[in-house]
């Protein structure tokens with residue numbers, strides 16, 4: 001009778017099942033979804049419905065205002081966090097770690113501040129009736145694109161061309 005030792009035992013190969021389990025573990029450890037689309041329900045188009053009618057505008061305005069409100073809540077949380085966690089650590093490494101944490105938090109809030117400004121501009125365009133049409137070519141941006149990126153100012157084709165130009169120019 002031949003007994004297998006560890007040296008001549010067949011090696012275990014990673015299978016798709018093993019990889020999926022690892023992915024699930026990683027996802028479980030991920031922080032809670034802070035996306036503005038966590039309670040999002042897509043607009044249900046009716047046959048023959050006019051582009052950007054009153055109910056579609058109302059739907060998009062709700063998405064924008066909810067998104068803005070979520071970002072504003074994050075700003076308030078950051079202010080409270082910075083006030084509560086500010087301490088004078090005698091150890092230089094602890095102090096540096098805290099300053100780095102604050103720096104990352106402030107950079108994130110700065111990006112969100114710019115996004116809030118862009119949302120405000122978009123809400124203004126919606127009120128003026130200048131929303132939903134491409135700034136470059138003037139065609140409809142499309143309801144699904146506006147749901148995916150409510151602050152979009154260009155149609156998919158024009159935005160793709162802009163991105164290609166950016167990559168070519170290195171900007």
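The values are calculated or read from the model by the stated rules, or taken from the named source; none is laboratory data. As the structure is a prediction and not an experimental result, all values here were calculated from the model. No Cβ is skipped: glycine too gets one built from the backbone with ideal geometry, and neighbour counts run over all protein chains shown.
So for segment 156-164 (the condition being in contact with a helix residue (DSSP H, G or I) (Cβ under 7 Å, 6 or more places away or on another chain), surrounded by 12 or more Cβ atoms within 10 Å (Cβ to Cβ) and either in contact (Cβ under 8 Å) with a residue 24 or more places away in the chain or more than 11 Å from residue 60 (Cβ to Cβ) (or both)), does at least one residue qualify?
First, the residues of segment 156-164 that are in contact with a helix residue (DSSP H, G or I) (Cβ under 7 Å, 6 or more places away or on another chain): 156.
Filter again for surrounded by 12 or more Cβ atoms within 10 Å (Cβ to Cβ), leaving 156.
Okay, now just the ones that are also either in contact (Cβ under 8 Å) with a residue 24 or more places away in the chain or more than 11 Å from residue 60 (Cβ to Cβ) (or both), so 156.
Among the residues of segment 156-164, at least one is in contact with a helix residue (DSSP H, G or I) (Cβ under 7 Å, 6 or more places away or on another chain), surrounded by 12 or more Cβ atoms within 10 Å (Cβ to Cβ) and either in contact (Cβ under 8 Å) with a residue 24 or more places away in the chain or more than 11 Å from residue 60 (Cβ to Cβ) (or both), which makes the answer yes.
Does residue 52 qualify as being surrounded by 14 or more Cβ atoms within 10 Å (Cβ to Cβ), under 26 Å from the mean Cα position of the chain (by Cα), at pLDDT 85 or above and on the phi > 0 side of the Ramachandran plot? Lay out the reasoning, then the answer.
Details: surrounded by 14 or more Cβ atoms within 10 Å (Cβ to Cβ): yes; under 26 Å from the mean Cα position of the chain (by Cα): yes; at pLDDT 85 or above: yes; on the phi > 0 side of the Ramachandran plot: yes.
When the stated conditions are applied, residue 52 passes them.
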